[in-house]
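The values are calculated or read from the model by the stated rules, or taken from the named source; none is laboratory data. Computed from a prediction, not measured in an experiment: that's the story for all the values here. All Cβ positions, even for glycine, are placed from backbone atoms using ideal geometry, and neighbour counts span all protein chains on display. All accessible areas refer to the heavy atoms of the entire protein, side chains included, with ligands and DNA or RNA removed. Shrake-Rupley method; radii C 1.70, N 1.55, O 1.52, S 1.80 Å.
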Amino acid sequence: MIGVFEHLARPLLAALDPEDAHRLTIAMLKFAPLPRAGEDDRRLGVRAFGLNFPNPVGMGAGFDKHGEVPDALLRLGFGFVEVGTITPQPQPGNPRPRVFRLEADAAVINRLGFNSQGADRALRRLARRAHKGGIVGINIGANKNSSDRIGDYVRLIELFAPVASYVTVNVSSPNTPGLRDLQRASALGDLLARVIAARERAARTAGPTPLLLKIAPDLTLNELDDIVGVARAFRVDGLIVGNTTVARPPSLRETERAKETGGLSGRPLFSLSTRMLAECFVRVENAFPLIGVGGIDSGAAAVAKIRAGATLLQLYSALVFRGLGLVGEIKAALIAAIARERRGGLSDLVGVDAAVVTAEPWPQ
Ligand SMILES: Cc1cc2nc3c(=O)[nH]c(=O)nc-3n(C[C@H](O)[C@H](O)[C@H](O)COP(=O)(O)O)c2cc1C
């Protein structure tokens, strides 16, 4: 049913401005009767940060920025959904156009700049659905004009801990000037000290909330050493590797579109983000799990991410080009990989190729 529906809708969506197409997709998910994906094979189950994921395939942040459709996405077969980025105050983001498709590269460039309806509206929606269960993480960010960015994260953790399965501290969007500076070791230490204290305060009433950090793929290995060191010292519950890249790989075919300012995602991000994932895996030494994100557009790409070090996966851009059928395709490929390797489950495959990946030439 969703296949037929998508078959009809996709040419229309592809003809629209990407942001209009996105709005229409959210409206369809809100109002169209959706089929429920079948029960997941038990071998796809993953336990991470104290949560039981029915399968490891998550919807990445940025698709459902305002918490409008998490249950529709879970119903369609995602193992978890990350809502956001949410900022404390509503803000419009950058002027349009600010999302661009690079069709020939199966890539997207966005410079949305945290367009957010703000914490209050998202919180109301998420509180209404909290009893339904399903793993819904909340990705949080600072307002562009905030005078106290760390204070913004603290406030959002206190607000969202009661309704979030986990909270992601996003310090890696390239579209809020200066935000990525919070990844520097000293700033990150200050940030994590304060957000973890906020999480502990919230835990008294909300219970435990895993805290994840989402990092950029555009870090030097020295910077990554520092970040992993700080993340381990503060005992974060996981790292998401990673956000969009400001790099423009020379392989891009849509050279004019590639000049647009913003973060690049989709297929051309796969090799860089997978290399960064493997570099994280060898540094983290199983202190916490990693979520692998960036350019997953097939079952084979998903298996490669897990083998490079991902316990869980997220995707976004490939859904624009491949549609929602990709989620089922990835799950089938994961089950096939488990059977082929004669493993009991996915955890046996996590990071088996990390050392090999880190020994390859640096991806272009
Ligand atoms: C249009 C768009 C908006 C995004 N917005 C956010 C966001 O608000 N917060 C965030 O952490 N990541 C955001 N992302 C990044 C994705 O979550 C993901 O990290 C990145 O796109 C790489 O995955 P992909 O290649 O599967 O798209 C956005 C990505 C796209 C394409």
* How much accessible area per residue does the chain have, in Å², with a 1.4 Å probe? -> 42 Å²
* Asked: Ignoring ligands, DNA and RNA, what percent of the accessible area of the range 173-312 is carbon or sulfur (1.4 Å)?
  -> 50 percent
* **Most to least accessible of THR220, THR358, THR168 (protein chains only, probe 1.4 Å)** => THR220, THR358, THR168
* Asked: Which lysines does LYS305 reach when only Cα atoms under 18 Å apart count, and residues fewer than 8 places away in its own chain are ignored?
  -> LYS214, LYS331
* By average Cβ neighbour count within 10 Å, what is the ranking of 52-61, 187-196, 10-19 from highest down? -> 52-61, 187-196, 10-19
* Can you list which of the GluC sites (Glu not before Pro) found in the range 275-348 are DSSP loop residues with at most 13 other C-beta atoms within 10 Å? => GLU285, GLU341
* Asked: Over the range 8-161, what percent of the accessible surface lies on carbon and sulfur atoms, probe 1.4 Å?
  -> 53 percent
* **At most 11 other Cβ within 10 Å, DSSP loop - trypsin sites (Lys or Arg not before Pro), the range 32-95** => ARG36
* Structure fact -> Judged on accessible area alone, 1.4 Å probe, highest first, GLU260, GLU223 line up as GLU223, GLU260
* Between the range 211-267 and the range 106-166, the Cα center-to-center distance that results, in Å -> 20 Å
* Structure fact -> The correct ranking of PHE234, PHE321, PHE78 by accessible area at 1.4 Å, largest first, is PHE234, PHE321, PHE78
